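Engineer: The structure that follows is given in the form of structure tokens.
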Amino acid sequence: MQTRRAALAAGIVGLCAIASGGCGGSPPAIPPVPASFPAQALTTVGSTSGALQVALRSVPDPPVRGQNVGQLTLTDGTGQPVDGVTVEILPWMPSHGHGTSEAVGVTDQGGGVFIANPLYLFMAGEWQIQMKFQGAIDDTATATLEIP
Amino acid sequence: MTRLPRRSRSPERLLAAAVVAAAVALAPSAAHAQACCVGTGLVTPARLRMFEDYAVGMQTSVRNVMGSFASSGNYVASPSGDNEVDFEQDLLAATRFGRHVQIALKVPFVETSRNDTGASAFGGGLGDVAANLRYDITFSGDDPWIPGVAILTGVSVPTGRTVEESRDPAGATGLGSYEPNLGVALEQVRGRMFLSLTGFVSKQTARTVGGQEVSFGPRITGILAGGYAFANEVTVGAFVTAMRRSDEKLVTSGAAVAVPLGDYWRAQGTLSGDLPFSGWGLNRPTGAGITASLLRVWL
């Protein structure tokens with residue numbers, strides 16, 4: 001009986017020791033920015049105020065579970081590109097109430113074009129790409145993607 | 001402490017005890033899913049039978065993610081090359097306060113192995129600790145017509161790591177906020193067969209992500225279980241659970257066995273799978289898994 005109790009206690013202590021430190025996993029490598037994006041946008045959404053149109057493209061197309069690179073093209077009501085804004089992007093799973101582990105880096109390419117890398121959509125289901133614009137225009141927009 | 005000597009156990013009480021063991025073996029299956037999105041168990045498998053005073057145990061589970069339900073309700077199998085396996089090990093403890101009240105504690109350790117788009121990741125750690133209280137108003141087996149009725153309540157505590165706090169989502173082990181729950185359990189025995197119905201409402205408290213407060217709707221869970229208790233107290237059963245929260249839905253079914261190992265030990269095992277039929281789920285990954293637990297009890 002004492003041997004069994006000792007074995008049980010040792011197992012519990014060992015498990016706790018391993019788990020107390022835990023392991024947050026290793027962040028995946030950021031994918032390279034592709035030379036080009038598809039001509040056809042995945043989706044085009046209007047901003048909350050209606051002042052902006054945001055066309056979202058991705059590589060791979062359609063986006064996959066895992067790492068993706070996004071491209072945003074901002075235009076105004078007349079179809080002209082919008083410059084002079086900074087963009088923040090938050091991938092979000094609305095039904096589960098969580099985001100992702102990788103912050104999205106946004107690079108201004110000029111001409112209203114922005115690269116969002118990485119878009120780490122690690123789980124199957126419905127994702128929102130929540131966008132916040134500041135500068136020449138203060139606005140927000142949300143695109144919805146379905147990841148198989 | 002109310003104790004019921006083993007020699008006084010009537011056949012009815014043996015059956016009722018078997019029902020309890022079976023319900024305990026069935027309940028954990030509803031708890032195991034991805035740590036980022038589903039609260040720690042509503043019921044711990046360390047439920048005490050009426051003549052037991054304390055219990056400690058360990059439980060381990062493995063679940064393979066096979067696909068998902070889209071927001072339209074369509075089932076989609078995981079793409080070729082993508083795979084995810086969720087592991088969980090739990091430390092369990094329970095004690096009784098009188099005949100009617102028992103509390104249980106579950107300390108989970110969660111790991112996830114994931115491969116997607118050519119990348120692989122593994123991570124884990126301490127999950128969300130859960131405490132549960134059970135108040136038995138009536139006991140199954142005491143009366144042929146009045147079922148066992150119990151009030152259940154509990155809370156999971158955000159001791160785990162959220163997705164946003166992890167270097168990789170595989171390292172996520174918790175919800176990021178508290179999730180209290182309240183439920184009712186009904187159990188009845190007919191001969192050697194039993195049936196139990198348990199319903200829970202739980203609600204994850206709001207949490208802040210990136211300066212934005214996120215709130216959650218109530219989660220409703222129902223568990224219907226039935227089975228057969230053999231004379232040697234080995235119990236087999238089957239169950240179906242259904243969960244709904246806002247635009248999430250999932251139905252899971254499975255089978256379980258509970259085996260007494262002498263007077264002071266019992267082993268329990270569960271095979272379970274989410275039902276992959278379009279329209280039966282919304283916005284949830286689906287999978288199948290196996291759970292095994294070993295409990296030491298004190299009479």
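Engineer: Give the order of A:LYS132, B:LYS106, B:LYS249 when sorted by the count of other beta carbons within 10 angstrom, beginning with the fewest.
Structural biologist: Neighbour counts put them in this order, fewest first: A:LYS132, B:LYS249, B:LYS106.
Engineer: If you don't mind, another one. Tell me which aspartates and glutamates have Cα within less than 16 Å of B:LYS203's Cα, excluding those fewer than 8 residues away on the same chain?
Structural biologist: B:ASP128, B:GLU179, B:GLU213, B:ASP247, B:GLU248
Engineer: In addition: Within 10 Å of each Cβ in B:119-130, how many Cβ atoms from other chains are there, averaged over the peptide?
Structural biologist: Mean partner shielding for this stretch: 4.
Engineer: Got a sec to turn the phi values of the range A:76-92 into Karplus ³J(HN,Hα) couplings, 6.51 cos²θ - 1.76 cosθ + 1.60 with θ = phi - 60°, whole Hz, x for Gly and Pro?
Structural biologist: 8, x, 9, x, 7, x, 10, 10, x, 10, 9, 10, 10, 10, 10, x, 8
Engineer: Now, a different point. Could you tell me the extents of the range B:6-298's C-alpha atoms along the three principal axes, largest first, rounded to whole Å?
Structural biologist: Principal extents (largest minus smallest coordinate, Cα): 60, 35, 32 Å.
Engineer: Something else now. What is the mean number of Cβ atoms from other protein chains located within 10 Å of the Cβ atom of each residue in peptide B:64-76, rounded to a whole number?
Structural biologist: 3
Engineer: Suppose every Lys and Arg Cβ carries +1 and every Asp and Glu Cβ carries -1, with no other charges. What dipole size does the range A:41-148 come out with about its Cα centre, to the nearest 20 debye?
Structural biologist: The calculation lands at about 200 debye.
Engineer: Now for a separate question. How far apart, in nm, are the 7 Å Cα→Cβ label points at B:LEU271 and B:TYR178?
Structural biologist: Result: 4.0 nm between the two label points.
Engineer: Run the quick spin-label model on A:GLN109 and A:THR78: label points 7 Å from Cα toward the beta carbon, then report their separation in nm to one decimal.
Structural biologist: Distance between the two pseudo-spin positions: 2.4 nm.
Engineer: Please arrange B:ILE137, B:ILE151, A:ILE147 by counting, for each residue, the other beta carbons lying within 10 Å of its beta carbon, fewest first.
Structural biologist: Details: B:ILE137 12, B:ILE151 15, A:ILE147 22.
In increasing order of surrounding Cβ atoms, one gets B:ILE137, B:ILE151, A:ILE147.
Engineer: Further question on the same structure: Please identify which residues in the range B:266-292 have an amide N closer than 18 Å to a label point set 7 Å out from the Cα of B:ASP247, following the Cα→Cβ vector.
Structural biologist: Hits in the range B:266-292 for B:ASP247 at 18 Å: B:279-286.
Engineer: Taking the Cα-to-Cβ direction at B:ASP53 and at B:VAL157 and moving 7 Å from each Cα, how far apart do the two end points lie in nm?
Structural biologist: Placing both labels 7 Å beyond Cα along the Cβ direction yields 2.6 nm.
Engineer: Taking only Cα atoms of the range A:37-147, what ratio of Rg to Rh do you get with Rh as the Kirkwood inverse-distance radius?
Structural biologist: 0.94
Engineer: I'd like the mean, over residues of B:160-166, of how many other protein chain beta carbons sit within 10 Å of each residue's own Cβ.
Structural biologist: Working: counts 1, 5, 4, 9, 7, 2, 8.
Partner Cβ neighbours, averaged per residue: 5.
Engineer: Rounded to whole Hz and in sequence order, give me ³J(HN,Hα) for the range A:46-51 from the Karplus expression 6.51 cos²θ - 1.76 cosθ + 1.60, θ = phi - 60°, writing x for Gly and Pro.
Structural biologist: After applying 6.51 cos²θ - 1.76 cosθ + 1.60, I find x, 6, 4, 7, x, 7 Hz.
Engineer: Next up: How much net charge surrounds B:ALA119 when only other residues with a Cβ under 11 Å from its Cβ are counted (Lys, Arg +1; Asp, Glu -1)?
Structural biologist: Charge balance near B:ALA119 sits at -1.
Engineer: Can you work out ³J(HN,Hα) from phi for every residue in the range A:37-43, in order, using Karplus 6.51 cos²θ - 1.76 cosθ + 1.60 and θ = phi - 60°, giving whole Hz and x for Gly and Pro?
Structural biologist: Karplus-based 3J(HN,Hα) across the range A:37-43 equals 10, x, 5, 8, 6, 4, 7 Hz.
Computed from the coordinates by the stated procedures, all read-outs in this text should not be read as laboratory data. What you are looking at is a predicted structure, and each value in this text was computed from that prediction instead of being measured. Reconstructed Cβ throughout: ideal geometry from the backbone, glycine too, with neighbour counts over all protein chains shown.
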